[in-house]
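Here is the structure we will look at, set down as structure tokens.
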Ligand SMILES: O=c1ccn([C@@H]2O[C@H](COP(=O)(O)OP(=O)(O)O[C@H]3O[C@H](CO)[C@H](O)[C@H](O)[C@H]3O)[C@@H](O)[C@H]2O)c(=O)[nH]1
């Protein structure tokens, strides 16, 4: 073995695939019983509808290198993501756009009028100086829209004061003074034609790659455990960085998600793939209806699969999904970064390994960079 990759999500598989193609023997271990990390999907047995077990994953990128790379393993449908939000029993288009603004204010503003109105309502904070999610949110869309669509949803999603959340969490979402309600601004967007798992399996399908599932890096009874391997074989670790160091610098805050999945006796439950629930009166953040991700597929016409998504703080035993990133977390992260730099023979990557809110294309892009800059010559 020339390289051990811990974790078979997009980051780990990209590293494994690059190394394998360069002639290196790679072993990928994952403590779960399937590959793909949180991008894994499977057919719901009763309906055959592809369900993203760990929440909806929508692929999008403007990075041409990443786009060229991912197309080696799958083609993409022309799916374009749109999201709606249920606020006080009324449905509005997201991200905030002219349609949302006019519906909310019961008006027919043109772009300039809407811009002027929002500028006035956003006056209390300057977008460039905004220090946290609340200031940034208000500076972008004004207080009334912020309080309707962002404040309570964010409280459910993060359970952290909005003044302690980083501004970048909200800058992910565009604000548009047109009726364009595409969720993403990227050049390329789509869903893997044969599904996520087929894509992930294609990445791992190389004679130089061996995948071992149900294999925990921290389980000292299995041979490829941390104590036995580090220092003897190069390692790329994509699990939680605090876990790797046995929480020596304290625990980093993560959000985890709980899902309630249901098969319903109707061909269409909500008419769209993702409906957010803005208010604190509804305990879940959103409902996914998976059939709408693949309108081109021949799914049953009389049944549908929905999934309600709930968010809460992650304990050590929970699956970490989102780094919370409070100022305290960022301080701990700096301490962990110091530790990772001194950990010779191990590179840390991916959402969990770097404690960063990475989308799939970013995880793949940063894995390609790690391969090119740090691994390809030394391995
Ligand atoms: O109705 C909303 C939507 C978002 N937000 C705030 O904006 C932040 C970012 O929103 P995203 O939709 O980008 O958050 P997610 O990471 O949960 O989104 C995930 O689910 C989306 C599904 O619609 C997309 O797939 C997206 O790429 C994927 O990261 C949220 O945390 C929240 O603080 C709101 O307040 N209200």
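Bear in mind that the values in this text are calculations on the coordinates, not laboratory data. These numbers come from a predicted model, not from an experiment. Here Cβ is always computed from backbone atoms with ideal geometry, including for glycine, and neighbour counts include all displayed protein chains.
Structure notes:
- Crossing angle, helix 10-21 versus the chain [Cα axis fit, 0-90 degrees, rounded to tens]: 40 degrees
- The distance separating the Cα centre of the stretch 46-78 from that of the stretch 323-345 comes to 30 Å.
- D (Stokes-Einstein, µm²/s), Kirkwood Cα radius, the stretch 1-134, 1.306 mPa s at 10 °C: 80 µm²/s
- Mean Cβ count within 10 Å, highest first, over the residues of peptides 197-209, 78-90: 197-209, 78-90
- With R₀ set to 41 Å, the beta-carbon distance separating residue 82 from residue 112 gives a calculated FRET efficiency near 0.95.
- GNM result for the chain, Cα springs below 10 Å: residue of 31, 286, 106 fluctuating most strongly: 106
- Computed on the chain, with alpha-carbon pairs under 8 angstrom and 6+ residues apart, the relative contact order is 26 percent.
- Spin-label model, residue 127 to residue 72: label points 7 Å out along the Cα-to-beta-carbon direction sit 3.8 nm apart.
- Computed E for residue 272/residue 378 - FRET, C-beta separation, R0 45 angstrom, nearest 0.05: 0.40
- Model label zone, residue 298; criterion: amide N under 17 Å from point 7 Å along Cα-to-beta-carbon; scope the stretch 163-194: 194
- Full-extension gain in nm, residue 187 to residue 221, via 0.36 nm per residue minus C-alpha separation: 7.5 nm
- The chain: angle of helix 327-342 to the longest principal axis, Cα-based, in degrees nearest 10: 20 degrees
- The stretch 114-138 and the stretch 235-286 have Cα centres separated by 28 Å.
- The order of the peptides 308-320, 4-16, 51-63 by mean Cβ neighbours within 10 Å, most packed first, is 4-16, 51-63, 308-320.
- Taking 0.36 nm per residue of separation and subtracting the current Cα-Cα distance, fully stretching the chain between residue 25 and residue 344 would add 112.8 nm.
- Shape of the stretch 90-171, Cα gyration tensor, a/c cut at 1.5: oblate
- Equivalent ellipsoid of the chain: semi-axes from √(5λ) of the C-alpha gyration tensor, largest first, are 37, 25, 19 Å.
- Crossing angle, helix 360-370 versus the chain [Cα axis fit, 0-90 degrees, rounded to tens]: 40 degrees
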